[in-house]
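Structure, as structure tokens:
The values are calculated or read from the model by the stated rules, or taken from the named source; none is laboratory data. Source: prediction; values computed, not measured. Heads up, the Cβs are rebuilt from the backbone with ideal geometry, glycines too, and the neighbour counts pull from every protein chain shown.
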Amino acid sequence: MPRNPDTDIGFAPSETLRSLGASVRALMECICAIEGPKEELEWAIQEIDSITDRLVSHLPDSDKRSFKAHVKHKAPENARLYKAGNPRDWDYNPVNPPMEIQLDKDGTLHGYTWLGLQYEGPPNVVHGGIVAHLLDQMLGYANTANKIPGFTGTLTIRYLKPTPLFSEIHIKAKPTRNEGRKIFAKGELFANGVLTAEAEGVFLSPLKTPQFAKPMIEPTS
């Protein structure tokens, strides 16, 4: 059956999905900080389960079955919209912090974000895995923006200082060279202007460029 852009969640206006992601993100941060009371938490569980059940009813059948079974699946090509590979759609996923992305004419990609409690590792510090995740994602976006997309082969992170929560995060990423299928890229992460982590990655270009790996942003300066 053809998908209906007026009723199918896959065709919801982008701003609607983005707002939904922001609302869930705020809920996640609240859950990280709240301690009770028990009655309110039990009420929240019932309400959230009810909302989830309602939204699941709008998923394509293939996604619906897999969601309920909590198993990984490969849906048919037209079963859902793929968003993770598009930096403009980064914040559809409420797990990701909202990210403003800019591309310089020299090929350097800049990402700006802010990290709350759901990204905490040590007290008041961003989890190292989140730092690695952000740098890996931005290196991949930078490669794609420079028309040499690739999958992560190796990623080396140097943690120079703790990255504090609730700070202004600025990530720089740029491919430095490529040799055959290998793409070499470097990145830096700053918190409130202080360099806290560096990354070097080696990426492997696919034999055939998938649709999601095509450049989706243009230089802004």
Report summary line: Within the range 108-120, restricting to residues that are assigned to a loop (DSSP other than H, G, I, E, B) and either within 13 Å of the chain's Cα centre (by Cα) or modelled with pLDDT under 95 (or both), the one that is farthest from Leu155 (Cα to Cα) is Gly116
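If only one of Asn143, Asn178 is closer than 21 Å to Asp104 by Cβ and free of Cβ contacts under 8 Å to residues at least 40 places away in the same chain, which one is it? First the steps, then the outcome.
Working: Asn143 fails: free of Cβ contacts under 8 Å to residues at least 40 places away in the same chain.
The match here is Asn178.
Would you say Phe166 is of a type in the set (Phe, Trp, Tyr) and under 19 Å from Phe203 (Cα atoms)? First the steps, then the outcome.
Working: of a type in the set (Phe, Trp, Tyr): yes; under 19 Å from Phe203 (Cα atoms): no.
No, not satisfied.
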Requested in this report: Within the range 148-179, work out how many residues are in a strand (DSSP E or B) and of a type outside the set (Val, Ile, Thr).
Outcome: 15
Report task. Under 7 Å between Cβ atoms, at least 6 apart or on separate chains: pull out the pairs that start in the range 120-139 with a residue that is under 21 Å from Cys30 (Cβ atoms) and end on any residue that is among the small types (Gly, Ala, Ser). Result -> Gly121/Gly128; His127/Gly121
Report summary line: Selection over the range 132-176 where residues are at pLDDT below 95 and of a type in the set (D, E, K, R) yields a count of 1
